[in-house]
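K.L.:
Provided herewith is a single structure, encoded as structure tokens, for subsequent inquiry.
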Amino acid sequence: MALLTVSGSPHVHSTMTTQKIMWGVVIALLPAFLVAIYFFGIPALMVTLVSVASCMFFEWLIGKYLLKTPNTVTDGSAVITGMLLAFNLPSSVPLWMVIIGALVAMGVGKMTFGGLGKNPFNPALVGRVFMFLSFPTAVALSEWPMPNPLFASSVTDALTGSTTLSLIAHGGELPPISDLLLGATGGSFGEISAIAILLGGIYMLCRKIITWHIPVAFLGSALIFAGILWLIDPTQFVNPLYHLLAGGMMLGAVFMATDMVTSPVTHKGQLIFGAGCGILTIIFRCFGPMPEGVSFAILIMNAVTPLINKFVKTDKFGYKK
Amino acid sequence: MTTFRKGGVHPEENKLAKDCKIEIMPLTKKAVVFVSQHIGAPATCVVQKDDKVKVGTLLSKAEAFICANVHSPYSGTVTKVDVATDFNGFKKPAIYIDVEGDEWEDGIDTSEAIVKEIKLDSKQIIDRMKDRGIVGLGGAAFPTNVKYMIPEGKKAEFLLINGVECEPYLTSDNRIMIENTEEIFIGIEIMKKALNMNNAIIGIEKNKPEAIRIMTEMSKNYSGTKVVPLEMKYPQGAEKQLINALTGREVPSGKLPIEVGCVVDNVATALAIYYAVQKNRPLIDNVLTFTGKSVTNQKNLLVRVGTPLQEIIDYCGGLPSDTGKLISGGPMMGKAIMDTSAPTVKTTSSILVMSEKEAKRNPQTACIRCGKCVSACPMGLEPLLLATLCEQKRWEEAEKECVMDCIECGCCLFTCPANRPLLDLIRVGKNQVGAIRRARSQK
Ligand code: SF4
Ligand code: SF4
């Protein structure tokens, strides 16, 4: 018999690993990805592939030559960042811009802080905001490619139209809610179908990758806040359901805000974090100069996370008064 | 469904030996009995080389308040009083006995007959517990009689009996509940009498349906004692969690169960109390589970204290060739065994065999701040923070974050996807903070 191993308890371990969590998120992103390909075709596929490949490449490059840390590319987190970054873009974006966005996301957003687990901001959002500010004409469009189902009978090229959010901001006839649920609407290609995103969210809940706290607080507070505004003045503010389903709200609440590295560790903290995201988003959307506000709302709450972790404590056993 | 308030995990149950009847292990020829087998002040050895002993002869005597007697589990000759290594490789004073026959001291009832009538009064019962060397068999080995001396100003309102056995693999409590049901209930009657109480609650996790059925059936004959099935959640068998599950009360940090009016004892302790009080039998043996996924002969064995582990292994057909780790106790809180020549003690409840593959921890990644350890901690601590503070030797801050409340249940490390050695780091912190506190109180 070989020598006995002696180590501290516990001697068994749950089957959950960091890699399984990360690849689980990737699987959860697939429905939204498929919807995007269905409506936007090859360009959406290309943007996503380029984004994922560049994120993985930059993580590997920076890890190997600058940080000299063990290779972490296979843990799946770079794939998530790549997918999320792509999902925030219009399918018409030039691919070289995607590569630069990926470099910023991984380089500035993640690796400068030391890689996985150490970054305060969601890297995909860092990349997105960078692109939004640097390439406004290509990324922050007011006219977006309209969905053009792969198998539609009449193929019309380069159809463009306004996103639901710019319609909300600048007026215009809103599409029916059902289009927003399914994804038959203009916008960043990964954000369009609320149902596909929710499907991914439910999958992550079932696999216990995320808990309900952040998405529910996020969407709930946005719904309530937008609802109050709507009740006060229905002529100026739209039906809160549009806020919920349009733009990056769903993708943000289910995939961006739930990024565990950049959100609080306690459930109480997560509720506060989610509520903050929801309220800030509606403030930015309704009162800010730009139609969308999800990315900025989440980034601001990312910045608040260390504070939340510091002050919102678990209620400890044995200290009941 | 009844369970405790916060945290907890549900590891794979693996109660592989749950249907194996208790077998009596043949006596060893060369026994080694540790002089002290409890938590508290050490006991004093009262035998010498060449002394003849019988089963039940006093070997070491409790002289301090929190201390426990040890009796000889064998008849034979003391060959030396020396040190021996325990399972964990520590050297401790021990009595070596060459076993000859199986002769018992007078006054011990060795018959199978069940004695129902309780003749002793409260004080006599508590004295008998002390005299017969009864310690808590849930793991801590705290002298039982001390628990029954309720401090001034406190009142016992609940007597809770722990039949939870929430650790994976372990099945010894399950077996005694099935096979020694009546004795356990009489033991509980004795406990009630010692505390002048009329009621007792037995908590059993739902994964032991047979035990729940038999115990519930038996409880009809013993008014005031009821069985409560509990949701399966580890660490339900931990004292504070069990109290919370059964009464909803929360033992304040750093305090004992009696603070919230509770006395908690294990079913195995109830059985030992029955034998001590009704049969005058000292605590000299206990049921242990020999188990593991790779083990072909799963067994529940009644083993005399002081049996060398290697003999138990041989009796069970030896170790599988791919054995990588042996654990005394369950996989969540048990200790890895270093030395198979070491003898069993009063609280040895299981020998768990793990293969080399199972013995290895998964590779570590960076903490992804998922908060799973926080949700899993039954004490409501933040293990990721405690581990970081301990790693950086920030002991005072760790103390403020309640590191001393950690019950070392292992839920955090069990659940951590990054495989951070959370509990290993926290243990270091507990030691350091403990030392700092002792130094402070001496000033
Ligand atoms: S469970 Fe592990 S990875 Fe998750 S927060 Fe705790 S220490 Fe970090
Ligand atoms: S910190 Fe201590 S009490 Fe909390 S889960 Fe970890 S081992 Fe258990």
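The values are calculated or read from the model by the stated rules, or taken from the named source; none is laboratory data. Note that this is a predicted model, so its numbers are computed, not measured. All Cβ positions, glycine included, derive from the backbone under ideal geometry; neighbour counts span all protein chains shown. Areas reflect the complete protein model, heavy atoms only, side chains present, ligands, DNA and RNA absent. Shrake-Rupley method; radii C 1.70, N 1.55, O 1.52, S 1.80 Å.
K.L.:
For region A:217-265, which residues satisfy the criterion of being open to solvent by 10 Å² or more (accessible area, probe 1.4 Å), in contact with a Pro (Cβ under 7 Å, 6 or more places away or on another chain) and away from chain B (no Cβ under 14 Å)?
P.N.:
Answer for region A:217-265, where residues must be open to solvent by 10 Å² or more (accessible area, probe 1.4 Å), in contact with a Pro (Cβ under 7 Å, 6 or more places away or on another chain) and away from chain B (no Cβ under 14 Å): A:Leu223, A:Gly227, A:Trp230.
K.L.:
Right, something else. So is B:Lys335 over 27 Å from A:Thr211 (Cβ atoms), facing chain A (nearest Cβ under 9 Å) and surrounded by fewer than 22 Cβ atoms within 10 Å (Cβ to Cβ) or not?
P.N.:
Numbers: over 27 Å from A:Thr211 (Cβ atoms): yes; facing chain A (nearest Cβ under 9 Å): yes; surrounded by fewer than 22 Cβ atoms within 10 Å (Cβ to Cβ): yes.
When the stated conditions are applied, B:Lys335 passes them.
K.L.:
Restricting attention to region B:309-328, report how many residues are in a loop (DSSP other than H, G, I, E, B) and open to solvent by 10 Å² or more (accessible area, probe 1.4 Å).
P.N.:
Within region B:309-328, the first condition is being in a loop (DSSP other than H, G, I, E, B), and the residues that meet it are B:316-322.
Narrowing further to those that are open to solvent by 10 Å² or more (accessible area, probe 1.4 Å): B:317-322.
Total satisfying the criteria: 6.
K.L.:
Criterion first (closer than 17 Å to A:Ala297 by Cβ, among the hydrophobic types (A, V, I, L, M, F, W, C) and crowded, with 20+ Cβ neighbours inside 10 Å) does A:Ile214 satisfy it?
P.N.:
Yes; evaluated as a whole, the condition is true for this residue.
K.L.:
Looking only at region A:55-91, how many residues end up being crowded, with 17+ Cβ neighbours inside 10 Å and in a loop (DSSP other than H, G, I, E, B)?
P.N.:
6
K.L.:
Give the residue that is surrounded by the fewest Cβ atoms within 10 Å (Cβ to Cβ), with candidates limited to residues of region A:92-136 that are more than 22 Å from A:Tyr65 (Cα to Cα) and within 14 Å of chain B (Cβ to nearest Cβ).
P.N.:
Among residues in region A:92-136 that are more than 22 Å from A:Tyr65 (Cα to Cα) and within 14 Å of chain B (Cβ to nearest Cβ), the one surrounded by the fewest Cβ atoms within 10 Å (Cβ to Cβ) is A:Pro120.
K.L.:
A follow-up question, please. Would a scan of region B:258-274 turn up a residue that is at pLDDT below 90 and either within 14 Å of chain A (Cβ to nearest Cβ) or outside any helix (DSSP H, G or I) (or both)?
P.N.:
No; the residues of region B:258-274 include none that is at pLDDT below 90 and either within 14 Å of chain A (Cβ to nearest Cβ) or outside any helix (DSSP H, G or I) (or both).
K.L.:
For region B:362-377, give me each residue that is open to solvent by less than 30 Å² (accessible area, probe 1.4 Å) and of a type in the set (Gly, Ala, Ser).
P.N.:
Those that are open to solvent by less than 30 Å² (accessible area, probe 1.4 Å) and of a type in the set (Gly, Ala, Ser): B:Gly371, B:Ala376.
K.L.:
Being under 17 Å from the mean Cα position of the chain (by Cα), assigned to a helix (DSSP H, G or I) and either of a type in the set (Phe, Trp, Tyr) or under 14 Å from B:Arg213 (Cα atoms) (or both) is the filter here, so list the residues in region B:166-191 that pass it.
P.N.:
If the condition is that a residue be under 17 Å from the mean Cα position of the chain (by Cα), assigned to a helix (DSSP H, G or I) and either of a type in the set (Phe, Trp, Tyr) or under 14 Å from B:Arg213 (Cα atoms) (or both), then B:Asn174, B:Arg175, B:Ile176, B:Met177 are the ones that fit.
K.L.:
Test B:Thr296 against the stated conditions and say whether it is away from chain A (no Cβ under 12 Å), touching a strand residue (DSSP E or B) at 6+ places or on another chain (Cβ under 9 Å) and either within 27 Å of B:Tyr234 (Cα to Cα) or modelled with pLDDT of 90 or more (or both).
P.N.:
no
K.L.:
Give the number of residues within region B:233-253 that are at the interface with chain A (Cβ under 8 Å from one of its Cβ atoms) and among the small types (Gly, Ala, Ser).
P.N.:
Selection size over region B:233-253: 1.
K.L.:
Open to solvent by less than 30 Å² (accessible area, probe 1.4 Å), within 7 Å of chain A (Cβ to nearest Cβ) and touching a residue at least 24 places away in the same chain (Cβ under 8 Å): does that describe B:Gly380?
P.N.:
Values: open to solvent by less than 30 Å² (accessible area, probe 1.4 Å): yes; within 7 Å of chain A (Cβ to nearest Cβ): yes; touching a residue at least 24 places away in the same chain (Cβ under 8 Å): yes.
So B:Gly380 fits the description; yes.
K.L.:
Moving to a separate point now. Residues to consider are A:Phe225, A:Phe237, A:Phe218, A:Phe255; find the one that is outside any helix (DSSP H, G or I) and more than 16 Å from ligand 2 (Cβ to nearest atom).
P.N.:
Result: A:Phe237 is the single residue among A:Phe225, A:Phe237, A:Phe218, A:Phe255 that is outside any helix (DSSP H, G or I) and more than 16 Å from ligand 2 (Cβ to nearest atom).
K.L.:
If you check B:Arg132, B:Arg213, B:Arg128, which single one turns out to be open to solvent by less than 50 Å² (accessible area, probe 1.4 Å), of a type in the set (Lys, Arg), modelled with pLDDT of 90 or more and assigned by TED's automatic domain parsing to the domain that holds B:Thr269? It would help to see each step written out before you state the result.
P.N.:
Numbers: B:Arg213 fails: open to solvent by less than 50 Å² (accessible area, probe 1.4 Å); B:Arg128 fails: open to solvent by less than 50 Å² (accessible area, probe 1.4 Å).
B:Arg132 is the lone residue from the list that is open to solvent by less than 50 Å² (accessible area, probe 1.4 Å), of a type in the set (Lys, Arg), modelled with pLDDT of 90 or more and assigned by TED's automatic domain parsing to the domain that holds B:Thr269.
K.L.:
Also, quick follow-up: Considering only region B:1-22, state which residues are at the interface with chain A (Cβ under 9 Å from one of its Cβ atoms), open to solvent by 80 Å² or more (accessible area, probe 1.4 Å) and basic (Lys, Arg).
P.N.:
The answer is B:Arg5, and nothing else.
K.L.:
Among the numbered conditions (1) surrounded by fewer than 24 Cβ atoms within 10 Å (Cβ to Cβ); (2) more than 14 Å from chain A (Cβ to nearest Cβ), tell me where B:Pro343 comes up short.
P.N.:
(1)
K.L.:
Picking from B:Thr348, B:Thr340, B:Thr415, B:Thr388, which residue would you name as being more than 14 Å from ligand 2 (Cβ to nearest atom), at pLDDT 90 or above and of a type in the set (S, T, N, Q)? Lay out the reasoning, then the answer.
P.N.:
Numbers: B:Thr340 fails: at pLDDT 90 or above; B:Thr415 fails: more than 14 Å from ligand 2 (Cβ to nearest atom); B:Thr388 fails: more than 14 Å from ligand 2 (Cβ to nearest atom).
When all the criteria are applied, what remains is B:Thr348.
K.L.:
Please state which of the following conditions B:Val47 fails to meet, knowing it meets all the rest: (1) assigned to a strand (DSSP E or B); (2) surrounded by fewer than 22 Cβ atoms within 10 Å (Cβ to Cβ).
P.N.:
Every condition holds for B:Val47 apart from (1).
K.L.:
Now a separate question. Give, as residue ranges, the helices (runs of 4 or more DSSP H) completely inside region B:334-414 that count at least 1 residues that are within 16 Å of ligand 1 (Cβ to nearest atom). Don't jump to the end; show me each part of the working.
P.N.:
On the way: elements: B:356-359, B:372-376, B:383-391, B:395-400.
Qualifying helices (runs of 4 or more DSSP H): B:372-376, B:383-391, B:395-400.
K.L.:
A further question on this structure: Kindly check whether there is at least one residue in region B:65-75 that is without any contact (Cβ under 8 Å) to a residue 40 or more places away in the chain, assigned to a loop (DSSP other than H, G, I, E, B) and open to solvent by 70 Å² or more (accessible area, probe 1.4 Å).
P.N.:
no
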